[in-house]
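J.: Okay, handing you the structure first.
What follows is calculated from the coordinates using simple rules that are stated; it is not laboratory data. None of the values given here were measured: they were computed from a predicted structure. Cβ sites come from the backbone with ideal geometry, for glycine too, and all protein chains shown count toward neighbours.
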Amino acid sequence: MMTKLDIKLTKTIPAEREDVFSAWLNAELLAKFMRPMPGGTATAKCDPRVGGAFHIVMIAGDKQYPHTGNYTVIDPHERLAFTWISDATNHTESLVTLDFKTVGENATELTLTHAGLPDEAQCENHRTGWATILDLVESVVD
């Protein structure tokens with residue numbers, strides 16, 4: 001029996017909660033921060049509505065990493081959740097949930113939970129990847 005694992009990351013971003021939330025539903029901004037590494041690039045398409053799909057291709061050198069999913073929760077400025085399917089999840093659907101909390105003037109605490117990862121190695125890979133992405137989010141909303 002395969003055990004599914006979760007990771008959780010929290011980052012305080014010096015920006016208004018509305019701006020941080022909106023960045024996750026904007027294809028142009030997604031392409032700027034959904035990258036596999038600071039030097040990588042990405043393309044993104046999204047239909048930001050519950051049930052709508054997204055398609056992100058992270059690019060590192062000559063390698064491409066496609067990611068797809070559907071939005072399951074869009075609670076403006078509070079919570080965003082979406083399914084996540086990629087090579088790294090063995091093409092098995094997992095779930096990413098983002099919670100947004102105002103923690104001061106011009107400061108947002110963003111908590112990312114990625115549930116249903118296939119194994120410990122993928123937990124570590126996703127923990128590293130999401131940490132990079134959260135750092136990059138800060139660069140597009142400041």
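J.: Would it be correct to say that Leu30 is surrounded by 19 or more Cβ atoms within 10 Å (Cβ to Cβ) and either more than 13 Å from Ser139 (Cα to Cα) or not charged (D, E, K, R) (or both)?
T.: Values: surrounded by 19 or more Cβ atoms within 10 Å (Cβ to Cβ): yes; either more than 13 Å from Ser139 (Cα to Cα) or not charged (D, E, K, R) (or both): yes.
When the stated conditions are applied, Leu30 passes them.
J.: Could we say that Ile56 is in contact with a helix residue (DSSP H, G or I) (Cβ under 9 Å, 6 or more places away or on another chain), on the phi < 0 side of the Ramachandran plot, surrounded by 15 or more Cβ atoms within 10 Å (Cβ to Cβ) and in a strand (DSSP E or B) here? Reasoning before the result, please.
T.: Values: in contact with a helix residue (DSSP H, G or I) (Cβ under 9 Å, 6 or more places away or on another chain): yes; on the phi < 0 side of the Ramachandran plot: yes; surrounded by 15 or more Cβ atoms within 10 Å (Cβ to Cβ): yes; in a strand (DSSP E or B): yes.
When the stated conditions are applied, Ile56 passes them.
J.: Inspect the range 80-103 for any residue being without any contact (Cβ under 8 Å) to a residue 40 or more places away in the chain, exposed (fewer than 14 other Cβ atoms within 10 Å of the Cβ) and hydrophobic (A, V, I, L, M, F, W, C) and give the result as yes or no.
T.: Checking the range 80-103: not a single residue is without any contact (Cβ under 8 Å) to a residue 40 or more places away in the chain, exposed (fewer than 14 other Cβ atoms within 10 Å of the Cβ) and hydrophobic (A, V, I, L, M, F, W, C).
J.: Inspect the range 43-50 for any residue being in a loop (DSSP other than H, G, I, E, B), under 19 Å from Leu25 (Cβ atoms) and hydrophobic (A, V, I, L, M, F, W, C) and give the result as yes or no. Full working, then the answer.
T.: To start, the set of residues in the range 43-50 that are in a loop (DSSP other than H, G, I, E, B) comprises 47-50.
From what's left, under 19 Å from Leu25 (Cβ atoms): 47-50.
Subsequent filtering for residues that are hydrophobic (A, V, I, L, M, F, W, C) retains 50.
Scanning the range 43-50, I find at least one residue that is in a loop (DSSP other than H, G, I, E, B), under 19 Å from Leu25 (Cβ atoms) and hydrophobic (A, V, I, L, M, F, W, C), so the answer is yes.
J.: Hey, can you tell me all the residues within the range 104-124 that are in contact (Cβ under 8 Å) with a residue 60 or more places away in the chain and aliphatic (A, V, I, L, M)?
T.: Of everything in the range 104-124, those that are in contact (Cβ under 8 Å) with a residue 60 or more places away in the chain and aliphatic (A, V, I, L, M) turn out to be Ala107, Leu110, Leu112, Ala115, Leu117.
J.: Cβ contacts < 7 Å: first residue free of Cβ contacts under 8 Å to residues at least 60 places away in the same chain, restricted to the range 55-70; second residue among the basic types (Lys, Arg), any location; separation 6+ or different chain. Result?
T.: His55/Lys45; Met58/Arg35
J.: Hey, among Pro66, Pro38, which residue is assigned to a strand (DSSP E or B) and not aromatic (Phe, Trp, Tyr)? It would help to see each step written out before you state the result.
T.: Details: Pro38 fails: assigned to a strand (DSSP E or B).
That would be Pro66, the only listed residue that is assigned to a strand (DSSP E or B) and not aromatic (Phe, Trp, Tyr).
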